[in-house]
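Below is one structure, written out as structure tokens; the observations come after it.
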Amino acid sequence: MIRLLTVQRIGNLLKVWLSYQLSRWFQKPIVWGMPFSASIEPTTSCNLGCPECPSGLRSFTRATGNLSMNAYEEYISAMAPNLMYIILYFQGEPLLNKGFINMIRYAKAKNIYTATSTNAHFISKDLATEIVRSGLDRLIISIDGTTQEVYEQYRIHGSLDKVIEGTSNIIEAKKQLQSSTPHVIFQFLVVKPNEHQIEEVKKLGDELGVDEVRLKSAQIDDFENGSELIPTQDQYSRYAKQPDGTYRIKNQMANHCWRLWSSTVVTWDGKAVPCCFDKDAKYELGQLNGLTMREIWRDDRYQEFRKKVLSGRKNIDICTNCTEGMGVWK
């Protein structure tokens, strides 16, 4: 990331940090910089049916579709002077977008760190070679079980063998091309059905040669009355059980959010939304197919949302299940 720094990007980082601190101090939104991180959604399509995911449940109220290369290039070229990090993922399986490899190449040409998250079912040997050659910096592979029986309890319609095959293809392509990238991460979403396999997934990651195994807590939409997905081991849960048997999120909901000053999320059809918790784009803050990110970033809608966060974050529904500021692993 340090290699990506330019005078303009350093200046932007300082503006973002300072305006965020002043906003917290004065309890009003002050915005001087531009987002240096962005999540851009290649597609809402997915081959799996995960129970807490609107892509998997096919439950979106917003339009579904694929990001076009022309629109993507327009977004990136406008944001590139300040943008340092892009994750080509929001909802859906990004590798289903046939332009995915070209999207990575375009961002790399703009000197931007690139990442994506995938279920790895489509990583053939040929595609693995293309991914490595594209310059992708980070590849997050979701693997939520070390046996098919456990894996498919959350990754419905998924195949653990496909995940392992896709991972092996990437590792082999890196070796053949003598590339240190992408940095391959096994991401293990800890839920009750798989929490007994945490040590096993670490061992599997070592055997396959991934660079890192990362545990992630599960977001449960209706957590208040409990869920079969909430882990029994408290350290792996976002939620704490109360004396009356109900659950509350461990986050204390402080009235600030770094994400609203540092990053943005863009849906496949150009909607700018506050963060990755707004999966259904309920809080659309602007449309990139008509405005630039610079115009949207300081627009009344964005500023009003920041103001609500600073005055009462717990009153915003998408914030009530958020890990921002929790101070624990996520």
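The values are calculated or read from the model by the stated rules, or taken from the named source; none is laboratory data. Quick caveat: nothing in here was measured; it's all calculated off a predicted structure. Backbone-built Cβ (ideal geometry, glycine too); neighbour counts: all protein chains shown. These accessible areas exclude ligands, DNA and RNA; they are computed on the full protein's heavy atoms, side chains included. Shrake-Rupley method; radii C 1.70, N 1.55, O 1.52, S 1.80 Å.
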Exercise. How many of the residues making up region 114-142 are part of a strand (DSSP E or B), closer than 23 Å to Leu215 by Cβ and not aliphatic (A, V, I, L, M)?
Worked result: 5
Exercise. If Lys98 passes every condition in (1) loosely packed, with under 15 Cβ neighbours inside 10 Å; (2) within 29 Å of Gln235 (Cβ to Cβ); (3) modelled with pLDDT of 95 or more; (4) under 23 Å from the mean Cα position of the chain (by Cα) but one, which one does it miss?
Worked result: (2)
For this session: Output the residue which, of all residues in region 33-50 that are touching a Leu at 6+ places or on another chain (Cβ under 7 Å) and open to solvent by 20 Å² or more (accessible area, probe 1.4 Å), is farthest from Ala281 (Cα to Cα).
Result: Phe36
For this session: Look at Lys15 and say whether it is part of a helix (DSSP H, G or I) and either under 23 Å from Ala272 (Cβ atoms) or open to solvent by 10 Å² or more (accessible area, probe 1.4 Å) (or both).
Result: yes
For this session: Would you confirm whether any residue within region 309-316 is free of Cβ contacts under 8 Å to residues at least 40 places away in the same chain and among the hydroxyl-bearing types (Ser, Thr, Tyr)?
Result: no
Seminar exercise, completed: In region 167-221, anything of a type in the set (S, T, N, Q), in contact with a helix residue (DSSP H, G or I) (Cβ under 8 Å, 6 or more places away or on another chain) and in a strand (DSSP E or B) is listed as Ser217
For this session: May I ask you to say which residue of Lys162, Lys110 is over 29 Å from Ile220 (Cα atoms) and open to solvent by 10 Å² or more (accessible area, probe 1.4 Å)?
Result: Lys110
Exercise. How about region 57-95: which of its residues are buried (at least 17 other Cβ atoms within 10 Å of the Cβ), of a type in the set (D, E, K, R) and either within 20 Å of Leu13 (Cβ to Cβ) or modelled with pLDDT of 95 or more (or both)?
Worked result: Glu93
